[in-house]
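> Structure in structure tokens, see below.
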Amino acid sequence: MASSGTETLVRTIFDQWRETNVSTMGKDDAWEVFVSWLLLKEYNVTLDDVQDGVVDGGNDAGIDSVYTLLEDTLLQHDSDIVEKNDVAKEYREGLNLELHIVQAKNRNAFSQNEVTKLQSILPQALDLSQELSELKREIREETRERLEIFRQTLTNLLTRRPNLSIKVWFASRGLTDNINPNVTDRAKRLRRNLEEVLPNARVNVEFTGAGELWKTYDSRSPDTLDLHCDEIMTSGESYVALAPLENYISLICEPGSDFSVRRHLFDANVRDHQGNVAVNKEIMSTLEDQSSPEFWWMNNGVTILCDEAHSVGKRFALKNIQIVNGLQTSYTIASWFKKINELDGDSQPLQEARNRKILVRIIVADNDIVRDRIIRATNRQTPVADASLRATDRIQRQIERYFESNDLFYDRRKGYYRNLGKDPGKIISISYLGQAMYAIAYGKPEVARGKPNSLLAEEARYKQAFDPGAGLQIFYWVAQVLRSADAHLQSVSQARYPERRYLAPFVAYAAVTKELGYASNHWNKLSNLVESGRKFSGDEIEEAARLVKDSLDRFTEVNSTTAADATKRQAFTQHLAEDLTK
């Protein structure tokens, strides 16, 4: 079975991570470190800490890694609370004590045998009524030493009534949607057995597959940022406020920087800063005009989504924010502050800018579906291409990551990589990739040519073009093939052919159809070509272009039409397919 896009992405990320961090380590061993590093990501542990907890080997009781944390701090065997039982009295009651048990297998499935192995021994190992040394035949010393950290800490803290949490992780490269029910049933038994020996503990037994690992890898540690406002109106967990520009700049710019915008706060935007376009000129003009009306009268303001919003007086503490509407305004304000800050001996414009206000909408929305609806709604208020409104979809983020790992830049947020100074020849837009999928994978170059942007506006076509079931390699491969056709048609040898701008989808389609011996109607027909890494030479692309030109000339002559019109019609695609396969 072909790997899913998520599985492929995680495998690619892991290979790169291994090469960067533990290049001399075998793949299976590196996978254990990689998974544990991800699962402990929120605790900010070092790679050395993670490696110290790996205990995989003979007689490991099915445990690959063990970690004990007290109040989010990783404990070692020589920590005071482990070695000295009398230090417990210095600790307050109700501390959070966590035990993380990780089983990480570098394969694409979850095994019942592995769960059974852990279930047969872990409850005994955590039973404080028996000595761990009694299990020395079943559990080797290194594993027992790591488990003893937890046992001894719990014993010493019993009188302080700690909040106890046991987390058992079963991780693989597979998908959690495909787990055999027998495996999940065995995991439920393990949880019940652990609850019996530690009745006061919160016990979680979780399966972590490619999807969960990707989500953890892609997540950013939640930031909590402050915003001080002048006026606030409240409705449930949402707020409308007026914030001085000075305070807003402090929110969106890196501290101590030269008004450098924190780019990650705008990750959920459907497009990046558009530079000196008309709307940004108008914003700048309003800022520069000292006699203009209140800034917030003239500007739509910004929309901030966050997981939590706590207010004390008129000061907000906002957790994990995304500014989903107002990127152009934000960047222009930052440019204005930088500009007036550089004025020598003239602080009046800066002070006036600081006192101006911006309208801010703060919405607490930690549900991904709700967030997505808000992003689409707020961005519908200004002209945004339909393709750009797809920018925050999960598959788009995965494609971006995969392309970047292969030296292409997927411009899901319009203008992002241009603003970073990336080679324009390596930037692929959402619309371009949609064209490539329709022309090459689904055998519909006339759709790719005739509706290069609007084909993504229809939900059914979008879901077909960006089917999450397609491997990420397929998206990458079709983009490369279409790029090859484009490059050839733009070369000197083809410069005199006036219809060249229409033909790239058809030339790519022709090259692939000739190779297959038939026209593809689904991405799965490309699997062998993609897996073999098939590339088309310049001569092959040139031959495909010649065949398309000859076929188009015959079709236009017979049907008394133009090349521009013919390349929009399914009839020409069928005519071309017949010429290519006869």
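> For a quick check of your reading of the filter: which trypsin sites (Lys or Arg not before Pro) in segment 168-226 sit in a DSSP loop and have no more than 13 other Cβ atoms within 10 Å?
Of the trypsin sites (Lys or Arg not before Pro), the ones in loops of segment 168-226 whose Cβ has at most 13 other Cβ atoms within 10 Å are 220.
> Could you rank the peptides 237-249, 547-559, 315-327 by their average count of other C-beta atoms within 10 Å per residue, with the highest value first?
Packing order, densest peptide first, comes out as 315-327, 237-249, 547-559.
> What ranking, highest mean first, results for peptides 470-476, 396-402 when packing means the other Cβ atoms within 10 Å averaged over each residue?
Per-residue Cβ counts within 10 Å, averaged per peptide and sorted highest first, yield 470-476, 396-402.
> If you don't mind, another one. About its Cα centre, how strong a charge dipole does segment 390-581 have in debye, to the nearest 20, once Lys and Arg get +1 and Asp and Glu get -1 at the Cβ?
With Lys and Arg at +1 and Asp and Glu at -1, about 720 debye.
> 222 nm [θ] for the chain, helices only, -39500 (n - 2.57) per DSSP H run of 4+, per residue, to 500?
Per the formula, -14000 deg cm²/dmol.
> Here is a follow-up. Write out the GluC sites (Glu not before Pro) in segment 38-120 meeting two conditions: DSSP loop, and at most 15 other Cβ atoms within 10 Å of their Cβ.
Within segment 38-120, the qualifying GluC sites (Glu not before Pro) (loop, at most 15 other Cβ atoms within 10 Å) are 71, 93.
> Report the antiparallel proportion of the DSSP beta bridges in the chain as a percent, rounded to a multiple of 5.
60
> List the pairs from 41/136; 426/549; 451/525 whose alpha-carbon separation is above 29 Å, in the order I gave them.
Cα-Cα > 29 Å for 41/136; rest within.
> I would also like to ask the following. When Lys and Arg each count +1 and Asp and Glu each count -1, what net charge do the other residues less than 13 Å away from residue 359, Cβ to Cβ, add up to?
Value of the local net charge: 0.
> With a sphere of radius 12 Å drawn around the Cβ of residue 395, what net charge do the other residues whose Cβ falls strictly inside it have (Lys, Arg +1; Asp, Glu -1)?
+3
> Which of rounded, prolate, oblate describes segment 12-146, given a ≥ b ≥ c as roots of the alpha-carbon gyration tensor eigenvalues and a/c under 1.5 marking rounded, otherwise prolate only if a/b is larger than b/c?
It comes out oblate by the Cα gyration axes.
> Something else about it: May I ask you to compute the full-extension gain from residue 15 to residue 524, defined as 0.36 nm times their residue separation minus their alpha-carbon distance, rounded to one decimal in nm?
Taking residue 15 through residue 524 to full extension adds about 180.8 nm, to one decimal.
> Here's another thing I want to ask about it. For Cα extents along the principal axes in Å, the listed values are (i) 87, 60, 49; (ii) 93, 71, 40; (iii) 93, 76, 50; which was obtained by calculation from the structure presented?
Of the listed options (i) 87, 60, 49; (ii) 93, 71, 40; (iii) 93, 76, 50, (ii) comes from this structure.
> Note the angle between two axes, namely the Cα long axis of helix 5-21 and the longest principal axis of the Cα atoms of the chain, as a number of degrees from 0 to 90, rounded to the nearest 10.
Approximately 70 degrees, to the nearest ten.
> Let me ask something else. With everything on Cα atoms, drop me the angle between helix 538-559 and the longest principal axis of the chain, reported from 0 to 90° to the nearest 10.
Rounded to the nearest ten degrees, it is 50.
> Another question about this same structure. Do you know the relative contact order of the chain, to the nearest whole percent, from alpha carbon pairs under 8 angstrom that are 6+ apart?
11
> Quick check: the angle from helix 327-341's long axis to the longest principal axis of the chain, C-alpha only, nearest 10 degrees?
The angle comes out at about 80 degrees.
> What pairs in 105/463; 105/215; 105/188; 444/514; 105/319; 215/319 have C-alpha atoms more than 24 Å from each other?
From 105/463; 105/215; 105/188; 444/514; 105/319; 215/319, over 24 Å: 105/463; 105/319.
> Just how much of residue 214 is accessible, in Å², when a 1.4 Å probe is used and the result is rounded to the nearest 10?
Solvent-accessible area, nearest 10 Å²: 10 Å².
The values are calculated or read from the model by the stated rules, or taken from the named source; none is laboratory data. Owing to the predicted nature of the structure, the values given are computational and were not obtained by experimental measurement. Note that each Cβ is placed from the backbone with ideal geometry, even for glycine, and that neighbours are counted across all protein chains shown. What goes into the accessible areas is simple: the full protein's heavy atoms, side chains included, and nothing from ligands, DNA or RNA. Shrake-Rupley method; radii C 1.70, N 1.55, O 1.52, S 1.80 Å.
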